[in-house]
Amino acid sequence: MTNSEETETKNPILVISRFNSILPILFVSIVTGLGVGTIDLFAQSSDQAPVGKREVVSRIVDRNGAEIERSLTGRFGYIYEQVRREATEIIGIEEFDSGGFLIETTIDSDLQTVATDAMLDQVAAVEKHPAFTGQTLVEYQEIKEKHRGSSSIARLPAPKYLQTAMILIDNETGAVLAKVGGRDFQDTMFDRSEMGRFTEGTIFTPFVYAAAFENGFFPGTILSDTPMSGKKVMLGSLSGNLGEWGAEDVNHRYEKTVTAREALAKGKNAATIRIGEKAGLQNIVALAETAGLTFFGDLKKFNATMLGRNSSSLSEIAKAYSIFPRQGATLKSTPIISRIRDAKGNTVYKNPAVESAEKAVDQYTAFQINSLLVDSFKTGTAKKAREIYGLGDYPVAGKTGTTSGFTDNWFAGYTSRVTCVAWIGFDQQREIYSNALSSETVLPAWVKIMNAAAKITNPQPFQPPSDAVKVEICTDSGELACEKCQETSVEFLRPGSSLKACHIHDPGL
């Protein structure tokens, strides 16, 4: 796939340009479609409505019943647009336009405030990095000011500044608790959390290990951690060795051998490809598709898929990651509207209860991935979360996501209660800056959001299945540890799993 094809697949600039060119029209249609003449979507009384405009008393409230900020320019612009779009699909445009509805959403206003501020502050900080050379938000604001003061009839150019998006969902229901669709709704209404598709990078790798664990391997499996030819993966440099950008460390060192646990937590690219080849690319893709990801074209046929060559939306990634805290069960949707009532208080729509969905992995694999991604905060790519960024003392699992060209930075993670996915990048794919690592660009904001969520959701430890077999593994051999084994790890296996005693430290057994 060429660079131009990749850009078109992940987030077509034609779409972005289209959204900007018809922004005034769409803005008016959204507002007048709700029967109001100002940027307040839900007028409360005739005193607030301008002369000649139709009064509408529809209201939008958060999950606690509090009316949320009524502005397209504040923290809820992207939420309002999604609610409007989905509400009209549910009850019809004419019916919805008549007004008088109470729309109950799943949004938590407090979390929305924290999430928006965290992401916008963080992306602004990234723009100040010495190596950043892209357009900044401030520079685009200056372009807008000059355009307003000009007599030229030329159309305002589309923004090219660094963008961001995030989504926070409830693991039990999939309900959206908070979301950020971009930096400024007035500049572009394109909702990157739902409609944008961005190159996954190493945020995809947990699904490689999950497929391996479903097919005979386990966290103690020994993998070669040595250089691999870039031609084997066809990603990054093809003339030398495969890069190790997934390690989130420009001074990465190979360790000769590592366990699968260490390989995922530390973001080892070559080791990931090796276990992925053993698990089978077809099995990896099938698992990821069941979890909620979509693959395009021939990408599912190539090893580059294992390191996230595919593109996905944030809502898809959130659904897919949620299979791990949900003991392998998938989510069918991520709703934002919970109920709609008419002017008489009658329920005209109620989001259906979550049905028992199919399993993407079994409960043993789900727990194993949980335990590996918990390690990423202790010894792996996310260790800065507690060392530097102030992550609270509660059970949490997660994975950094960096692309080979440092064009898209992600962080996806979860507690037992919620899953949060955050992203930073450009609409037109380009390098954020040289060696831009997600552990530095995205993780700080993700930590703030999860700390706020933890205060109101009371996350619980990830528990192994009751019938899982607890064993101690030698990390040199990947076999059952003996008294002479010095480096060991505790693992939980499926019932009936069979392992030999360590042949390195007690070959006489």
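The values are calculated or read from the model by the stated rules, or taken from the named source; none is laboratory data. None of the values given here were measured: they were computed from a predicted structure. Positions of Cβ are backbone-derived with ideal geometry, glycine not excepted, and every protein chain shown enters the neighbour counts.
Among the numbered conditions (1) touching an Asp or Glu at 6+ places or on another chain (Cβ under 7 Å); (2) surrounded by fewer than 23 Cβ atoms within 10 Å (Cβ to Cβ), the only one that E358 does not meet is (1).
Here are some residues: T400, T365. Which one is in contact with a helix residue (DSSP H, G or I) (Cβ under 9 Å, 6 or more places away or on another chain) and in the same structural domain as G267 (by TED's automatic domain parsing)? Testing whether each residue is in contact with a helix residue (DSSP H, G or I) (Cβ under 9 Å, 6 or more places away or on another chain) and in the same structural domain as G267 (by TED's automatic domain parsing) leaves just T365.
A quick yes/no check of all residues on (1) in the same structural domain as T259 (by TED's automatic domain parsing); (2) aliphatic (A, V, I, L, M); (3) touching a strand residue (DSSP E or B) at 6+ places or on another chain (Cβ under 9 Å); (4) within 27 Å of L111 (Cα to Cα):
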| position | (1), (2), (3), (4) |
| --- | --- |
| S439 | no, no, yes, yes |
| K448 | no, no, no, yes |
| L480 | no, yes, yes, no |
| C485 | no, no, yes, no |
| S489 | no, no, yes, no |
| H505 | no, no, yes, no |
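If the condition is being assigned to a helix (DSSP H, G or I) and either more than 22 Å from the chain's Cα centre (by Cα) or more than 18 Å from D191 (Cβ to Cβ) (or both), then the range 86-110 contributes A87, T88, E89, I90, I91, I93, E94, E95, F96, D97, S109, D110. Scanning the range 464-472 turns up at least one residue that is within 29 Å of the chain's Cα centre (by Cα), in a loop (DSSP other than H, G, I, E, B) and more than 30 Å from N409 (Cβ to Cβ).
Screening the candidates G297, G276, G328 for the property of being of a type in the set (G, A, S), free of Cβ contacts under 8 Å to residues at least 40 places away in the same chain and outside the structural domain of A468 (by TED's automatic domain parsing) yields one hit, G328. Scanning the range 482-499 for residues that are among the polar types (S, T, N, Q) and under 16 Å from R261 (Cβ atoms) turns up T488, S489, S497.
Checked against the criterion of being outside any loop (DSSP other than H, G, I, E, B), over 17 Å from K399 (Cα atoms) and not assigned by TED's automatic domain parsing to the domain that holds L480, the range 196-211 contains not a single residue that satisfies it. Checking the stated criteria, K256 turns out not to satisfy the condition of being without any contact (Cβ under 8 Å) to a residue 24 or more places away in the chain and surrounded by fewer than 24 Cβ atoms within 10 Å (Cβ to Cβ). Considering (1) surrounded by 15 or more Cβ atoms within 10 Å (Cβ to Cβ); (2) part of a loop (DSSP other than H, G, I, E, B); (3) among the aliphatic types (A, V, I, L, M), the lone condition that A131 does not fulfil carries the number (1). Are any of the residues in the range 214-229 modelled with pLDDT of 95 or more, buried (at least 24 other Cβ atoms within 10 Å of the Cβ) and among the hydroxyl-bearing types (S, T, Y)? No: the range 214-229 contains no residue that is modelled with pLDDT of 95 or more, buried (at least 24 other Cβ atoms within 10 Å of the Cβ) and among the hydroxyl-bearing types (S, T, Y). Determine if the range 338-347 includes at least one residue that is in the same structural domain as I275 (by TED's automatic domain parsing), among the charged types (D, E, K, R) and modelled with pLDDT under 95. So far as the range 338-347 goes, no, none of its residues is in the same structural domain as I275 (by TED's automatic domain parsing), among the charged types (D, E, K, R) and modelled with pLDDT under 95.
Only one of the listed residues (I432, I473) is within 29 Å of I275 (Cα to Cα), in contact with a Gly (Cβ under 7 Å, 6 or more places away or on another chain), in contact (Cβ under 8 Å) with a residue 40 or more places away in the chain and among the aliphatic types (A, V, I, L, M). That residue is I473. Does K332 count as surrounded by fewer than 17 Cβ atoms within 10 Å (Cβ to Cβ) and at pLDDT below 95? Answer is yes for this residue. Can we say S338 is part of a strand (DSSP E or B) and of a type in the set (G, A, S)? So S338 passes the test. So, of the residues in the range 168-194 that are modelled with pLDDT of 95 or more and aliphatic (A, V, I, L, M), which turns out to be farthest from N370 (Cα to Cα)? Top of the filtered list is V180.
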